[in-house]
Amino acid sequence: MTLEATLSEFRLAATEMAKGNPEAVKALYSDADDITLANPFGHAVRGRTEVFAALNFVAARFSDGEVSEFNTLARYESPELATLVDVEHWRTRIAGGDVAEFDLRVSSTYRNEHGTWKLVSRHADPISTFDESGPVRRST
């Protein structure tokens, strides 16, 4: 699968995740055990068991959602690796509450594994606005 095809598949898979189904995202990850995930629900994890458990945790809290926009800020690509920096616009119900809209800033790395591009690392967080307080942002 080409990188473009994998990125298109991920966009569809993200909406499945927003609906509560992690399987399409899991299918895009590498089979190797060096995969990583950092998401807004918890700490960064490494390894298939930990990454898939984290994806299951997130998906169990999402429903009735979609990811409507993927804005790529930067893309770095070699024959073996590709890294993208994106802002994704999500709209989903979280833990049975009201539907919420939020943006995620995301860095994703894909690796070419025998002609197929696989996701190996994803870091997503909800910080999408400037705040002079930096890592000690004020609560609103």
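A few notes on this one:
- Residues located in region 95-140, provided they are more than 18 Å from Arg46 (Cβ to Cβ) and touching a helix residue (DSSP H, G or I) at 6+ places or on another chain (Cβ under 7 Å): Trp117
- Residue within region 65-72 that is β-branched (Val, Ile, Thr), farther than 18 Å from Ala13 by Cβ and either surrounded by 15 or more Cβ atoms within 10 Å (Cβ to Cβ) or without any contact (Cβ under 8 Å) to a residue 40 or more places away in the chain (or both) present: no
- Selected residue (criterion: nearest to the chain's Cα centre (by Cα)) from residues of region 21-51 that are under 23 Å from Tyr76 (Cβ atoms), polar (S, T, N, Q) and open to solvent by 20 Å² or more (accessible area, probe 1.4 Å): Asn39
- Among the candidates Ala18, Ala59, the residue that is out of contact with any strand residue (DSSP E or B) (no Cβ under 8 Å at 6 or more places or on another chain), modelled with pLDDT of 95 or more, under 15 Å from Ala124 (Cα atoms) and crowded, with 18+ Cβ neighbours inside 10 Å is uniquely Ala59.
- Residues in region 51-71 that are in contact with a Pro (Cβ under 8 Å, 6 or more places away or on another chain) and not polar (S, T, N, Q): Phe52, Leu55, Val58, Ala59.
Condition check ((1) charged (D, E, K, R); (2) part of a helix (DSSP H, G or I)) across all residues:
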{"site": "Glu50", "(1), (2)": "yes, yes"}
{"site": "Phe57", "(1), (2)": "no, yes"}
{"site": "Phe70", "(1), (2)": "no, no"}
{"site": "Thr83", "(1), (2)": "no, no"}
{"site": "Ala100", "(1), (2)": "no, no"}
{"site": "Asn112", "(1), (2)": "no, no"}
{"site": "Lys118", "(1), (2)": "yes, no"}
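- Single residue of region 40-49 satisfying the filter (touching a strand residue (DSSP E or B) at 6+ places or on another chain (Cβ under 8 Å) and at pLDDT 95 or above) that is farthest from Asp103 (Cα to Cα): Arg48
- Evaluation of Asp31 against (1) assigned to a helix (DSSP H, G or I); (2) over 11 Å from Trp117 (Cβ atoms) (one fails), failing number: (1)
- Residue match in region 124-131 (condition: modelled with pLDDT of 95 or more and surrounded by 16 or more Cβ atoms within 10 Å (Cβ to Cβ)): yes
- Residues of region 73-123 classified as open to solvent by 40 Å² or more (accessible area, probe 1.4 Å), under 14 Å from Asn39 (Cα atoms) and free of Cβ contacts under 8 Å to residues at least 24 places away in the same chain, total: 1
The values are calculated or read from the model by the stated rules, or taken from the named source; none is laboratory data. Remember, it's a predicted structure, so these values are computed and weren't measured experimentally. Note that we place each Cβ from the backbone using ideal geometry, even for glycine, and neighbour counts take in every protein chain shown. Ligands, DNA and RNA are stripped out before the accessible areas are found, and what is left, the full protein with its side chains, is counted by its heavy atoms. Shrake-Rupley method; radii C 1.70, N 1.55, O 1.52, S 1.80 Å.
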